[in-house]
Amino acid sequence: MSDAVGELVTRVATVLRADGRGVAATQLEVLARRPASDVPVVFVVGETGRGKSALVDALVGHRPSSHAALGPTAVPIVYAHGSAAAELVDAAGAPRAVALELARVAATDAGTFASRVKISVESPVLEHLSVVDTPGAGGLDSGQAALTLQALSDADALVFVVDASAPLRASELQFLRKASARIDTVVFVVTKTDLHRGWQTIMSDDQRIVAQQAPRFADCPWVAVSSQLCLEGLDEDPEEATALREESGIAALESLLLARVSERSATLHDLNVLRAALGQLNLAERMLAQRMGAGTDDGAPADAQHRLAADRERLKELARDRSTWMQTLETEFRKLPAERQQIIGRRTIEIRRRYEEQLKQVKPADEDAMAPALVADLTALAGQVNEATITRVEMLVRSILKDLDDPGQLEHDIRELGATTLDDQLDAIHLSRSGLSHLDRLSIFSTFSAGRSMAGFASGSGLGVTASALIAPPIGLAIGLGLGGFFAFQSFRNRRREIFAHEFSSWMRDQVVYAQQTLTTSFARDSVELQTSIRGYLRDILAARESEITTVIGAAEADARKAAATRQTEAAQMRHRLQEVRAVRQRAAALIATVAPTDAARSASGRPTER
Amino acid sequence: MPASELIERAADLLSQTDAATGGALHDELVALERRLREPARVAVIGRVKAGKSTLVNALLGQRVAPTAVSECTQVVTWFHYGQPQRVEMRLRDGSVSEVQLAPDGMLPRELGVPVAAVDSLHVYLANDALRSMTLIDTPGIGSAHVSYSDATKGLLGTSPGVDTDTADATVLLLNHTLLQDEVDALELFRSQAGESGSAANAVGVLTRVDQLGDGRGDVFEVAVELADQYLDVLDTAVAAVVPVAGLVAETAETASLLESDARDLATLATMDPTELRRILRTPDRFVAATAPIDTAARERLWTLLDRVGLQWALAAIDEQAHGAAQIRKELALRSGIADVKRTLTQRFATQDHVLKVRSVLDALVRLSYVDGGTSAAQQELRTAVEEIRLDPVMHPVAELEAWHAICSARVAIPDGARDELRVLFGPGSTPMRLRLPSGASTDEQRAAARDGMSRWRTFMVTNATPDEARLARTVLRSYQLIWESLV
């Protein structure tokens, strides 16, 4: 962290404490003290089939033996610098060395027990940054998106991959918004320019769509590449290889990433701290300005007070039991179990049917794979169901928040209050004792994927506190399924082949029934709690806002009763404090501008505009 | 089963209903009757830029639907058989106006009204391909422009009430990856009118095979393999998955490759093979390269054929193909379009009357529930629909429904029964349906039918769930009808 940023953090903390907001001050200091990661991590994300893996191969200059035969990437692949080696890391974090050429195949197998694959290769790019190839969003395993989102919270930069075959889709835009919630550096890459003659048109269409529908990213750089062309260079002599890398656009992407990310890894950390500080300062300024507006002599104080009083009445009204938002909440919550049950019922039948079919023709060699595959499917199902639920709840809460007050402010408050629940939950299940990195966490969630959407909800949406009620059960369920499945699977190995089919189907029935029951009943139990906590939460926000206004009005009234001289002194003090807040805020904005000129405009103006 | 008999029986029911309801439902019933007389409606759905319009053009053998690089199909477009050639634009306010085709025979780029105000376009062409099915080109699924996607949903039958403008069958366009919202769109189609969409009336077409592989091996081999994988995943949703090189098929089938293009290709073929391979690696190289034909010609060729088409065309010239007609023939052959046509004919055109009657019966049942569905006329209507469904003429409808129940995994059936029923319910000669060699004697056929009857009778009495029993009754009936026809 640079001295300038350190100094600013101290100033901001002082201002916040003067305002009686010590918790926020401490949080900011903690964030500032956390060390920046050694090598910046670039996550390559995007919809499934857009060519992420080929892009990463081209970028690091490493090609798997046969690319066409590989299926979609199912677990994250972490590329780091080192002599050629690969390992599969299981859920418990234990690595197992594997032949380099098998590593990629393992990463495409959803039934594998590896929860991430780590590949080390000698590559100039990797000396400066580490690259993570992620499972794609939007495919049939929709839980993957949430899974990726969870791991992203600490990423230093995002490469968002689209391809030249078709314009950006609505689901991709949505994923982009979620993925980049906390990341400042986003680079767009259009792949497959070797296939599509119209790639330039597609790219400019995409840019237009982004500018219109996600303006926060309007200034992000775009690079068009042909990964295939670059990879062909690997078979050629070095000179030709360099020329192909140049022509393919991969070289341009590389230098862009190095310039934007690697040389600025410390800066990125500063930037994150500064953005957090800026948010707090905006809030402090707003409160002060409001209070001054209410008490000031010039202008129309009565009007301002009147407005505030009206606001307070409205908030009180909303906090009362007969408010409509509570009914909305309740009605919508009542619909959820039925929806869930419907999905669960349909999907489990599909899964069972599929495995029954498979069982009829299974070869002895494939038997071993069936139990873990079933567990993976059921776990994924749990993830999907929870994901669907969470999306619904999230939309619901958002819609209510919109009705209540300035949504940005409320979301901000919620975010501040609900910061670290995920780690608490992980602590509770003894997984984060050894100091989990974001990748470890990703691994856990890719194996026990049922928990991932909750985690995404907690960290991504800023609704941590309210979602925490739901986090524990799905993780528990997933682990139950995963380990139960694993042990059962082990026991199969000791049995005679002839009775495999029989054993498997009865075991499968148990697993399916168990999954169905757990998914249904755990939700019925937890939804009450979740609903209560959302309601309490919204009320807290209302109350906090209301008391804020009350304080302002009270202070203004007290001011009015005081002697003119005292009044003037206090007004002067407040003006002084406001000036200080504004000065610090300007300083923060200026610092942001110096560390990240291109990102400055939107950061300084506060929240992203597309919300 | 004579198709006309089935249609007439349904038409009779419509006029009886009209009389019984005193003309209250006249407009809806007329629309349904019209629907019975028209070819089955096949909706082409898929994500944005999946190649929907390209496939429609290829099937028509005529470039009518615009297929620009950018998102262009914004309106649901129906292609009907009809003369004189014309285009009707139906607006959301109910008014209809006429639109002129562009001089090149394509739909115009601009409609003169905001897209949001347009309900649908109806193109009438004297095109033989449209005699057996009405094609419906739809806006893409999952578009960033939400309204386009909504238009497709409406077509697939999510609008409330009685919708006479829904499709009878679907062609789902798949690309090199399968996305959740595509599967969801199929689900939507499946849930239309309750239960009418499934593998029984949907097929998948794997388009843009040029995206497959790494551009060096035979893309079609990869495509066939991928199509099989998709069928595994989607087997409750589509009856078949067929690969096609859409753009190549369009260019070949619509005769867009001209004599001058053939000459350009021949000139190109004289280039040094290594250099030719090199410039074919990317479109940018191909256009920018030094080559014996000019830039405009190269741009045109790539636009017409893509890399895979260019490779095929050059290979055809190597194998002594001369002139545009021969090259087109060769391209059509390699594109796989014949398989798509065959599949559509097999699945939809020959089953056309069953699909339509089924849609109409479903619509009638929905009508019978409008406003609570308690009136005497509505109850009678439901009884009448039930009766007609029991008539031997309507048995194919029952088979279709049974097949749907199997496809949607509502009914568990014994080992191997799925294959048995796929054939039994399918089109084909009697021996084929009984899985006998085509020369099987009548006695052998009757024995096979009797065997089927006894097996399914056993299944019916030993399996108590109502769904299974209903299925078994339908199968039993199928064998009975075959047996009776052989007496």
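The values are calculated or read from the model by the stated rules, or taken from the named source; none is laboratory data. Model, not experiment: these values are computed from the prediction. No Cβ is skipped: glycine too gets one built from the backbone with ideal geometry, and neighbour counts run over all protein chains shown.
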**Request:** Scan region B:252-280 residue by residue and report those that are closer than 25 Å to B:Lys49 by Cβ and touching an Asp or Glu at 6+ places or on another chain (Cβ under 9 Å).
**Result:** B:Ala252, B:Ser256
**Request:** Six or more apart or on different chains, Cβ under 8 Å: which pairs go from a residue in region A:271-287 that's of a type in the set (Asp, Glu) to one that's surrounded by fewer than 19 Cβ atoms within 10 Å (Cβ to Cβ) and modelled with pLDDT of 70 or more? Could you list them?
**Result:** A:Glu285/A:Leu578; A:Glu285/A:Arg582
**Item:** Counted residues, region A:40-68 - those being modelled with pLDDT of 75 or more and outside any helix (DSSP H, G or I)
**Value:** 15
**Message:** Contact list please: Cβ distance under 6 Å, first residue in region A:194-220 and within 9 Å of chain B (Cβ to nearest Cβ) and under 21 Å from B:Gln211 (Cβ atoms), second residue in a helix (DSSP H, G or I) and at pLDDT 85 or above, pairs at least six apart or on different chains.
**Reply:** A:Asp194/A:Gln228; A:Asp194/A:Leu229; A:Arg197/B:Pro283; A:Arg197/B:Trp302
**Request:** Among the residues of region B:221-279, count how many are more than 14 Å from chain A (Cβ to nearest Cβ), part of a helix (DSSP H, G or I) and either modelled with pLDDT under 90 or in contact with a strand residue (DSSP E or B) (Cβ under 7 Å, 6 or more places away or on another chain) (or both).
**Result:** 1
**Restricting region B:282-292 to residues that are under 21 Å from B:Val248 (Cα atoms) and of a type in the set (Val, Ile, Thr), the residue that is farthest from the other protein chains (Cβ to nearest Cβ)** = B:Val287
**Request:** Would you check if B:Ala315 is closer than 30 Å to A:Ser227 by Cβ, at pLDDT 90 or above and among the aliphatic types (A, V, I, L, M)?
**Result:** yes
**Prompt:** Would region A:121-144 turn up any residue that is in contact with a helix residue (DSSP H, G or I) (Cβ under 6 Å, 6 or more places away or on another chain), within 14 Å of chain B (Cβ to nearest Cβ), within 30 Å of A:Ala32 (Cβ to Cβ) and modelled with pLDDT under 80?
**Reply:** no
**Request:** Assess whether B:Glu187 counts as being at pLDDT below 95, surrounded by fewer than 18 Cβ atoms within 10 Å (Cβ to Cβ) and away from chain A (no Cβ under 13 Å).
**Result:** no
**Fill in**
Of the listed residues (B:Val96, B:Val118), the one being at pLDDT 90 or above, touching a Lys or Arg at 6+ places or on another chain (Cβ under 8 Å) and farther than 21 Å from A:Gly198 by Cβ is B:Val96
**Prompt:** Is it the case that some residue within region B:72-83 is within 14 Å of another protein chain (Cβ to nearest Cβ), in contact with a helix residue (DSSP H, G or I) (Cβ under 9 Å, 6 or more places away or on another chain) and surrounded by fewer than 21 Cβ atoms within 10 Å (Cβ to Cβ)?
**Reply:** yes
**Prompt:** Looking at A:Leu281, is it at pLDDT 75 or above and in the same structural domain as A:Leu591 (by TED's automatic domain parsing)?
**Reply:** yes
**Prompt:** Consider B:Arg328 against the criteria (1) of a type outside the set (Asp, Glu); (2) more than 14 Å from chain A (Cβ to nearest Cβ); (3) without any contact (Cβ under 8 Å) to a residue 60 or more places away in the chain: it satisfies all of them except one. Which criterion is unmet?
**Reply:** (3)
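With the condition kept exactly as written, say whether any residue in region A:178-191 is assigned to a helix (DSSP H, G or I), more than 22 Å from B:Leu305 (Cα to Cα) and more than 10 Å from chain B (Cβ to nearest Cβ).
yes
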**Request:** Sort through A:Ala86, A:Ala92, A:Ala151, A:Ala157 and tell me the only one that's at pLDDT below 80 and buried (at least 21 other Cβ atoms within 10 Å of the Cβ).
**Result:** A:Ala151
**Message:** Given (1) modelled with pLDDT of 85 or more; (2) under 23 Å from A:Arg169 (Cβ atoms); (3) more than 14 Å from chain A (Cβ to nearest Cβ), identify the lone condition not met by B:Leu206.
**Reply:** (3)
